[in-house]
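Remarks on the structure that follows.
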Amino acid sequence: MMEELLVLNEAKINSNLTKSLLAVAFLASVGSSLLYGFNLAVVNSPALYIKDFYNETLQEQYGWIPNERHLTVLYSLTVSIFAIGGMTGALLVGKLVTKYGRKGTLVRSTVLVFVGGGLMGLSRSCREPSMVIIGRFIVGVHSGISLSVVPMYLGEIAPKNLRGFLGLIPSIHICLGVFIAQVLGLQELMGKEAHWPLLMSLIVFPTLVQLMLLPWFPESPRYLLIEKGNVHATIAALKWFRAKGNIQLEVEEMQEEQRSLSSIQTVSVWGLLTDVCVRWQVITIVVANIGMQLSGIDAIWFYTNDIFKNAGIPEPRIQYTTVGTGAIEVISGMLGCFTIERVGRRPLMIGGYIFMSVCCAGITVSVLYQEQLSFMRYISVGCVVGIIAGFCIGPAGVPFLITAELFKQSHRPAAYTMGGCLNWLSNFTIGFVFPFLELATGPYCYLIFCAICLGVAAYTFFIIPETRNKTFMEISQMFACKNNILEEELTSNGNLKMSHMNGYGTLGHQDVK
């Protein structure tokens, strides 16, 4: 019997951070989130070499001499095609995680990195510019899948009091990936013309490590129990991820959610959008994911060198200034990771976005007056650093984390699919449009980012509840009043009458007795 399989020597769930939890969090992030950050920044330092490569090969292959505007469009396509691939990958998440599981999806998707990395690495030798663009698209598909699956996997294996900490480990790896790309892109290392294809293909090495080690770790216990109904595998996975202690209460919490969803299949994206019982959860992930990408951070990651050049930083110093911002990202990400369970999700998001809005306005002012006041160029750099720090402390990882927290098992894959698509669509928009937006509006373009940051901060303050140290069932009940769930629809002990409701406290066609 199940009770005989559980360890009963404690009265509560042991939710300490174990070596296996920490190992799987880092391993899942190294082969996924790290690559996302690396691919965001890796096209920055070799930008001139990539344009020269396009110019040379287009003349050789087609006899066409592109002008500067054509080369800018091609480079913008190279940058933003990564986001199109990401959006494609995000569309696949729901079906993949339902069929193969969370860990199984991560392992199977590694093949995309080897294909895309190989194409980019061989592009210069083959004198084929399309290999760079196709390679960027393929690794974008991988990032689109993994960027949703990793926080879903970690959110489901983590005890509730560590969900925030583990959920932000991927965001640290994103920052670390950006930093590694910036360091390796230095002229003294791999920032030379002959080395840029190798630089872009280095992503295969962390992926190889993930492919070798991740299969040895268990699948998500929630997936095994709620979707597969495998109690024995669930208990084995929990014993792997937890310290010695009582896991019975944790299994019972999963079973309660399983009972609430006993008549509900995994919903589609359309089903998610039309389900009134998760209306405000859906609006929240829309605001969080679009706001994260339209906050201006992607413009800084994609075009750091150009921003510093326009700010008046001497060209020989730009690459070192860029590396310095990467170090700030890593430190800020670590600060957010270690404070989120103490401070909470809401304060980090609100404070981060307000700070970013101030810095965006600061960039506009400093660039406008840098000719009259020479010290303004340093203020501009400080504001860029401030945007990066504010983003990495809170907004960088919280949207992915709360997407897991706001939805139950039946709705979570569709929520990640929709949130991921919006995230990548916004990423593409910024990557492709920003160079032209900057040409048209100059430094005033940062005021748009300022307004977006303030809007997201206001929404977080007024709408999003604090989810720290709450179970998925408790969080769904917190949204009951926002989704017009009547007070009398709750039982006397505060639990929803799930047998008659759609798992979120909304009434079905039957009457509650």
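The values are calculated or read from the model by the stated rules, or taken from the named source; none is laboratory data. Since we're looking at a predicted model, the values are computed, not measured. As a convention, Cβ positions derive from the backbone with ideal geometry for all residues, glycine included, and neighbour counts pool all protein chains shown. Quick note on the areas: whole protein, heavy atoms, side chains included, nothing else; ligands and nucleic acids left out. Shrake-Rupley method; radii C 1.70, N 1.55, O 1.52, S 1.80 Å.
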>> Of all residues being in contact (Cβ under 8 Å) with a residue 60 or more places away in the chain and of a type in the set (F, W, Y) in region 205-236, which is least open to solvent (accessible area, probe 1.4 Å)? Just the residue, please.
In response: Y223
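Taking N161, is it closer than 16 Å to T18 by Cα and open to solvent by 40 Å² or more (accessible area, probe 1.4 Å)? Quick ask: steps written out before the conclusion?
Values: closer than 16 Å to T18 by Cα: yes; open to solvent by 40 Å² or more (accessible area, probe 1.4 Å): yes.
So N161 fits the description; yes.
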> So, of the residues in region 413-425 that are open to solvent by 10 Å² or more (accessible area, probe 1.4 Å) and over 23 Å from Y100 (Cα atoms), which turns out to be nearest to the chain's Cα centre (by Cα)?
Replying inline: L422
> Has region 340-359 got any residue that is in contact (Cβ under 8 Å) with a residue 40 or more places away in the chain, under 16 Å from R163 (Cα atoms) and not in a helix (DSSP H, G or I)?
Replying inline: yes
>> For the list (1) farther than 24 Å from F407 by Cβ; (2) open to solvent by less than 10 Å² (accessible area, probe 1.4 Å); (3) over 18 Å from the mean Cα position of the chain (by Cα), I need the number of the one condition that S201 fails.
In response: (2)
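For residues that are closer than 15 Å to M131 by Cβ and more than 32 Å from the chain's Cα centre (by Cα), scanning just region 51-71, find the one that is most open to solvent (accessible area, probe 1.4 Å).
Taking region 51-71 first, the residues closer than 15 Å to M131 by Cβ are 53-54, 56-58, 60-61.
Filter once more, so that each one left must be more than 32 Å from the chain's Cα centre (by Cα): 56-58, 60-61.
Details: E56: 78, T57: 1, L58: 20, E60: 114, Q61: 90 Å².
It comes out as E60.
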> With respect to the numbered conditions (1) at pLDDT 90 or above; (2) crowded, with 24+ Cβ neighbours inside 10 Å, which one is the sole condition not fulfilled by L122?
Replying inline: (2)
>> Tell me whether region 376-396 contains one or more residues that are among the polar types (S, T, N, Q), more than 30 Å from M254 (Cβ to Cβ) and at pLDDT below 85.
In response: yes
> Can you tell me which residues in region 328-378 are open to solvent by less than 40 Å² (accessible area, probe 1.4 Å) and of a type in the set (S, T, Y)?
Replying inline: S332, T339, Y353, S357, T364, S366
>> Against the definition (open to solvent by less than 40 Å² (accessible area, probe 1.4 Å) and either aromatic (F, W, Y) or farther than 22 Å from C175 by Cβ (or both)), how does G386 come out, yes or no?
In response: no
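I need the helices (runs of 4 or more DSSP H) fully contained in region 147-226, keeping only those with at least 1 residues that are within 30 Å of R317 (Cα to Cα), in contact with a helix residue (DSSP H, G or I) (Cβ under 9 Å, 6 or more places away or on another chain) and of a type in the set (S, T, Y). Please lay out each step first, then the result.
Details: elements: 163-184, 196-201, 204-213.
Hits in region 147-226: 163-184, 196-201.
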